[in-house]
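What follows draws every value from the coordinates through simple rules; no lab data is involved. Since the structure is predicted, the reported quantities are computational estimates derived from the model, not experimental observations. Virtual Cβ from ideal backbone geometry, glycine too; neighbours counted across all protein chains shown.
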């Protein structure tokens, strides 16, 4: 499947804010957007007047890149959100948050969503006791996500989990650090999703 392979720090610079795509590097002075807080490219430092369409596009691109999903996937999630009873923008973000790779990242078992995606593909996690190696798998309330017994002995996992031990866990997730298990106790509300984007712009873009 197609996947973005260029320097991910360019994506943060293009969107004008940290998308936390490089794990620990994003929290240090080496972060590209800290050092060069302007868009990449020859005209990155120029002044540009953004149109209404431009604002909508940037909101969509920022959200898509934050969660690491392709355009087709993102459009499918939007269509799924339109069929739910709540606000379409809120429902879209909730669907994205419920992806298995995002859950693994939120639980502190990976330094970035890209790393979480790779670990899921390699079959290191189970959902309700069954191995799931699909990053886009959507979890539900009550699902229990756990690290496989064999994977718990890995020095890499021990190092990653220790490095992220101080990172706060989302309120809608329950983490047992001793058994390395996490449970989805609720779906997140919009206020609990820490993405600084106006999701109504995405709805306006796709509603045209």
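Could you check, for region 106-123, whether at least one of its residues is in contact with a strand residue (DSSP E or B) (Cβ under 6 Å, 6 or more places away or on another chain) and farther than 23 Å from residue 192 by Cα? Among the residues of region 106-123, at least one is in contact with a strand residue (DSSP E or B) (Cβ under 6 Å, 6 or more places away or on another chain) and farther than 23 Å from residue 192 by Cα, which makes the answer yes.
If you scan region 159-178, which residues turn out to be in a loop (DSSP other than H, G, I, E, B) and farther than 18 Å from residue 193 by Cβ?
Scanning region 159-178 gives 164, 165, 166, 177, 178.
Condition test on residue 167, is it crowded, with 19+ Cβ neighbours inside 10 Å and in contact (Cβ under 8 Å) with a residue 40 or more places away in the chain? No; evaluated as a whole, the condition is false for this residue. Looking across region 184-203, the residues that are buried (at least 17 other Cβ atoms within 10 Å of the Cβ) and outside any loop (DSSP other than H, G, I, E, B) come down to 184, 199, 201, 202, 203. Among the helices (runs of 4 or more DSSP H) confined to region 83-150, the ones with at least 2 residues that are out of contact with any helix residue (DSSP H, G or I) (no Cβ under 7 Å at 6 or more places or on another chain) and buried (at least 17 other Cβ atoms within 10 Å of the Cβ) are located at 88-97, 100-106.
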